[in-house]
Each structure stands twice: as C-alpha cells, then as structure tokens.
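K.L.:
Submitted below is the structure of interest, expressed as structure tokens.
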Amino acid sequence: MLSPERLSLPGPEYLAQRHVLTYMEDAVSQLLENREDISQYGIARFFTEYFNSVRQGTHILFREFSFVQATPHNRASFLRTFWRCFRTVGKNGDLLTAQEYHCLLQLLCPDFPMELTQKAARIVLMDDAVDCLMSFSDFLFAFQIQFYYSEFLESVAAIYQDLLAGKNPNTVIVPTSSSGQHRQRQPPNDCNPLEGVEASLFYQCLESLCDRSKYSCPPSALVKEMLSSVQRMTFYGFLMALAKDQGINRALGALPDKGDLFLDPAMDQELEKLVAQVSGLSVSGPASSSADTANMPVRNSPRINSPWKPLHHRRKMDAESEGSNEETDSSEN
C-alpha cells in the first residue's frame with residue numbers, strides 16, 4: 001500500500017527522500033555485471049527479487065561499505081542484520097574487544113572501516129582505551145548511534161569544541177556522507193566529569209543543526225528532554241546518553257528494546273529447523289524442542305577452522321563441557 005506521505009509529496013521529492021534512484025542505479029549495475037546468469041530466468045524476476053531483498057533488509061549482506069552506508073534504510077538494515085547474526089555473543093555473556101567486534105562487522109561487510117568501530121568503542125569506554133572488553137549490548141547500542149547518526153555526530157563534535165573555546169558554533173559546516181565517515185575526529189577533552197558545556201546552550205545549537213541538516217538526526221524532542229535534566233554536559237556523556245535512550249532506539253526502529261535484545265523467535269525457529277536438517281531429526285514443535293535436543297545423539301564431527309579469529313579466550317569456561325583439555329590462549333589478539 002502507498003503511504004499517505006507518498007500522496008502528499010511531489011514525485012521527484014518523494015523519490016529523493018526514499019533514495020529510489022540509489023536502488024535503481026544499484027539494481028541496473030548488478031544486472032549488467034551478472035547479465036549472463038540473469039538472462040536464464042529473466043530481467044523481471046531479477047528486479048522483483050532485488051527489491052524484495054531491499055524491503056526485507058537483506059540487500060546489504062556482503063556489500064561494499066559505500067553501499068551499506070548510502071541510505072538510512074541501508075544503515076538500519078545493517079544494524080538489524082548485525083544484531084540478528086551475532087546476538088548469541090551477548091546471550092552467552094561474552095565480552096569482546098573493539099578489534100573482535102570489528103571482525104564480526106567485516107563478516108557482513110568486508111571493507112567496513114575500523115575507525116567507526118573505534119569511535120563506537122569510545123562511546124562505551126569514554127576514553128581512548130579501545131582495547132578493553134565490552135558487552136554485546138553496550139557495544140551494539142553505541143555502534144547504532146555512531147553508525148546511523150555519523151554525520152550528525154561529526155557536527156556535534158565541532159559544535160562542542162567551539163562551545164568549549166567560547167566560539168560561535170552557528171558557522172559549523174554539516175559534513176558530507178563521505179567526509180563524515182572517514183575524517184579522524186579529535187575526542188573532546190572530557191577528562192574531568194564536572195567539566196563540559198552548558199546544556200541549554202548546547203541544545204540550542206543542536207536544535208539549529210537538526211533544522212538545517214540534510215542527514216539523519218535524533219528526534220529534537222528527545223534530545224531536549226535529555227539535556228534539560230542536567231546543567232552541564234560533556235561530549236562523551238552526551239553520546240552515552242544517546243546510546244542508552246530507548247526512545248531514540250525506538251524512533252530509529254532498527255533494534256529491539258534492551259530487555260528484548262536477545263529474543264528473536266523468528267530467527268530461533270529458523271535455527272531449530274536448520275539444526276534439525278543437519279542432524280537428520282525433525283522438529284516436532286517448540287514444546288518438545290528441548291527434549292529433542294536432550295535426546296540428540298552425540299556425533300564426533302571433525303573440527304572446522306573458522307575463517308576469522310576464534311573468540312574462545314573470551315568465553316566463560318564450563319567445568320562440565322566434555323572434559324576438554326584444550327587450552328585457552330588469553331594472549332591471542
């Protein structure tokens with residue numbers, strides 16, 4: 001169904017707002033690159049499957065970073081895919097470093113820049129010690145803010161620096177999509193938690209930024225509510241508040257609430273089907289799945305090496321897990 005917004009906007013404006021031309025250009029490019037394979041089942045079927053994947057959010061899998069970050073829908077799809085693929089990391093209680101989270105990101109996007117991962121880690125850790133361990137939920141919500149609102153945060157950093165220096169921040173230039181992603185941001189001096197800038201003035205500048213920005217910004221009402229509860233605010237304190245705010249998370253719409261972060265019934269059902277197919281068993285239903293698992297025969301399957309660095313040195317040791325003599329190499333990075 002067409003949304004009411006579609007009927008209220010002129011055609012070209014709606015197409016630009018929804019980035020339709022971006023997807024049309026990408027679809028045509030893929031069509032030309034794979035025309036020999038596509039000719040076997042037809043162009044119409046190709047376009048149908050392509051735009052179905054865009055709608056479902058699977059179109060960003062294994063794509064180059066320039067495409068993954070090209071539109072807000074792509075960014076939200078990537079965030080949702082990252083959560084669904086690796087939520088078991090948090091479910092198992094694993095704590096990983098920024099480098100290890102970056103390895104997971106690169107499984108979905110091979111050229112994902114390390115700089116964005118490090119910036120997300122600094123939101124969690126509040127300093128430059130990006131080699132410390134982080135929980136999955138802390139990293140995920142910080143990464144969501146850094147990745148989805150990247151251009152906005154670049155401008156916020158410039159505004160904050162100007163306010164600290166007593167300058168007029170109204171001349172801040174909103175970064176482009178490319179420059180905002182790859183320019184090295186100098187972390188503002190937040191060493192003293194009592195320092196910072198006046199929250200009311202900070203909000204006035206951010207409100208003006210959101211009004212003129214061409215890129216995604218958090219809802220102004222939620223930012224105002226956040227800053228109205230304090231007198232002064234540091235830069236990383238602001239970023240952490242954004243990451244923890246469930247109202248902003250719901251407005252973005254890519255991830256569930258923190259309490260539901262490890263719940264995904266649809267994915268669990270698919271995994272149960274996959275396990276049943278691999279093991280040769282049939283999944284009779286949710287009520288009997290645990291019993292079926294308990295009665296599942298033990299198989300001595302050969303160990304398969306992972307294409308990425310193992311995370312066994314971060315996992316909790318289970319004293320009853322098969323009596324294995326395998327050592328955990330804590331010095332491995």
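The values are calculated or read from the model by the stated rules, or taken from the named source; none is laboratory data. If you're wondering where the values come from, they're calculated on a predicted model, not measured in any experiment. Cβ sites come from the backbone with ideal geometry, for glycine too, and all protein chains shown count toward neighbours. We work out accessible area using only protein heavy atoms, side chains counted, and drop any ligands, DNA or RNA first. Shrake-Rupley method; radii C 1.70, N 1.55, O 1.52, S 1.80 Å.
K.L.:
Confirm whether residue 32 is under 28 Å from the mean Cα position of the chain (by Cα), more than 15 Å from residue 18 (Cα to Cα), open to solvent by 40 Å² or more (accessible area, probe 1.4 Å) and of a type in the set (A, V, I, L, M).
P.N.:
Numbers: under 28 Å from the mean Cα position of the chain (by Cα): no; more than 15 Å from residue 18 (Cα to Cα): yes; open to solvent by 40 Å² or more (accessible area, probe 1.4 Å): yes; of a type in the set (A, V, I, L, M): yes.
Taking the combined requirement at face value, the residue does not satisfy it.
K.L.:
Does at least one position in the range 231-241 carry a residue that is of a type in the set (Val, Ile, Thr), surrounded by 15 or more Cβ atoms within 10 Å (Cβ to Cβ) and at pLDDT 90 or above?
P.N.:
Start the filter on the range 231-241 by keeping residues that are of a type in the set (Val, Ile, Thr), which leaves 234.
Remaining after also requiring surrounded by 15 or more Cβ atoms within 10 Å (Cβ to Cβ): 234.
Next, from what is left, pick out any that are at pLDDT 90 or above: 234.
Checked the range 231-241: at least one residue is of a type in the set (Val, Ile, Thr), surrounded by 15 or more Cβ atoms within 10 Å (Cβ to Cβ) and at pLDDT 90 or above.
K.L.:
Taking the options 61, 15, name whichever one is surrounded by 13 or more Cβ atoms within 10 Å (Cβ to Cβ), touching a helix residue (DSSP H, G or I) at 6+ places or on another chain (Cβ under 8 Å), without any contact (Cβ under 8 Å) to a residue 12 or more places away in the chain and not hydroxyl-bearing (Ser, Thr, Tyr).
P.N.:
Only one candidate qualifies: 15.
K.L.:
Please return the ranges of helices (runs of 4 or more DSSP H) entirely within the range 95-168 where 2 or more residues are surrounded by 23 or more Cβ atoms within 10 Å (Cβ to Cβ) and over 17 Å from the mean Cα position of the chain (by Cα).
P.N.:
Passing ranges, in order: 150-164.
K.L.:
When residue 41 is evaluated against the numbered criteria (1) at negative phi; (2) under 18 Å from the mean Cα position of the chain (by Cα), which criterion, by number, is the only one it fails?
P.N.:
Failing condition for residue 41: (2).
K.L.:
Here is a follow-up. Just checking, does the range 275-285 include any residue being open to solvent by 60 Å² or more (accessible area, probe 1.4 Å), modelled with pLDDT of 80 or more and touching a helix residue (DSSP H, G or I) at 6+ places or on another chain (Cβ under 7 Å)?
P.N.:
Checking the range 275-285: not a single residue is open to solvent by 60 Å² or more (accessible area, probe 1.4 Å), modelled with pLDDT of 80 or more and touching a helix residue (DSSP H, G or I) at 6+ places or on another chain (Cβ under 7 Å).
K.L.:
Going through 245, 260, 211 one at a time, which residue ends up being closer than 16 Å to residue 144 by Cβ, out of contact with any Phe, Trp or Tyr (no Cβ under 7 Å at 6 or more places or on another chain), acidic (Asp, Glu) and loosely packed, with under 14 Cβ neighbours inside 10 Å?
P.N.:
Working: 245 fails: loosely packed, with under 14 Cβ neighbours inside 10 Å; 211 fails: closer than 16 Å to residue 144 by Cβ.
260 is the lone residue from the list that is closer than 16 Å to residue 144 by Cβ, out of contact with any Phe, Trp or Tyr (no Cβ under 7 Å at 6 or more places or on another chain), acidic (Asp, Glu) and loosely packed, with under 14 Cβ neighbours inside 10 Å.
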